[in-house]
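Heads up, the thing below is written out as structure tokens.
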Amino acid sequence: DGGITQSPKYLFRKEGQNVTLSCEQNLNHDAMYWYRQDPGQGLRLIYYSQIVNDFQKGDIAEGYSVSREKKESFPLTVTSAQKNPTAFYLCASRAREPQTQYFGPGTRLLVL
Amino acid sequence: ILNVEQSPQSLHVQEGDSTNFTCSFPSSNFYALHWYRWETAKSPEALFVMTLNGDEKKKGRISATLNTKEGYSYLYIKGSQPEDSATYLCAFAAGGTSYGKLTFGQGTILTVHP
């Protein structure tokens, strides 16, 4: 089945620890995105990548890093510099036109 | 950061009621306006993508209209059913250097009571 997978479903981070959230797609989409959702807020863009080996900061990139070494994969690292990492993280990929984004099931990150 | 606003924040209706909500977005550098439905424990799912001023889209009991000159879109649900309960998100796509990015509103949470 074509789609987007994210793992893990739940992730616990200790103070000062970096953690990596996985996102894989088999839709053959060039563009991929990471969003964060906090209660009462919409989806906010962290990073996005329009093509392999290239990515751009979104609106709230501080404390996060990404890589795009393969078309299928766009992992997000939440670094120790992100002081408020507790949130729900969604990954998406985009068809060329009409730019519809397809979302994964999300990862909930909690701080111990 | 672009400003995309949705109203109301939440809405409770009875089964069979018709309802509508609003998305307002910048009227300049418009490329497309998206609507998504996000049911609890599922991923957001695309409903509509609208690109032209005056566009109207329909999918079953759900329809949407677009006014790019004044920067708003309406989503209508006719004869709401409990299975319509979800968060409805709109997202604005700008053109130019922002191509490919979506800016989401905060969503409207719809609860349909049987």
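A short reminder: the numbers here are calculations on the coordinates, not readings from a lab. Please read all numbers here as calculations on a predicted model, not as lab measurements. Positions of Cβ are backbone-derived with ideal geometry, glycine not excepted, and every protein chain shown enters the neighbour counts.
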Partner lysines whose C-alpha sits under 18 Å from that of A:LYS9, ignoring same-chain residues fewer than 8 away, are B:LYS42
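Please compute the net charge surrounding A:GLN56, taking Lys and Arg as +1 and Asp and Glu as -1 over other residues with Cβ under 15 Å from its Cβ.
+1
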How large is the dipole of chain B about the Cα centre if only Lys and Arg carry +1 and Asp and Glu carry -1, each at its Cβ, rounded to the nearest 20 debye? 260 debye
Return A:CYS23, A:CYS91, B:CYS90 ranked ascending by Cβ neighbour count within 10 Å, so the fewest neighbours appear first. A:CYS23, A:CYS91, B:CYS90
What residues qualify as long-range amide H neighbours of B:TYR72, i.e. H under 5 Å apart, gap of 5 or more or another chain, H built at 1.01 Å from N? B:PHE25, B:ASN67
Using the alpha carbon gyration tensor of the protein assembly as shown, what are the three equivalent-ellipsoid semi-axes (square root of 5 times each eigenvalue), largest first, in whole Å? 30, 21, 16
Using a 10 Å cut-off around each Cβ of peptide B:95-104, what is the average number of partner chain Cβ atoms that fall inside? 5
Would you tally the net charge around A:SER93, using a Cβ to Cβ cut-off of less than 13 Å, leaving A:SER93 out, and scoring K and R as +1, D and E as -1? +2
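Past the 28 Å Cα-Cα mark, which pairs from A:LYS70/B:LYS59; A:LYS57/A:LYS83; B:LYS57/B:LYS101? All intermediate terms of the calculation are to be shown ahead of the outcome.
Working: A:LYS70/B:LYS59 36 Å; A:LYS57/A:LYS83 18 Å; B:LYS57/B:LYS101 22 Å.
Where the Cα-Cα span goes over 28 Å, the pairs concerned are A:LYS70/B:LYS59.
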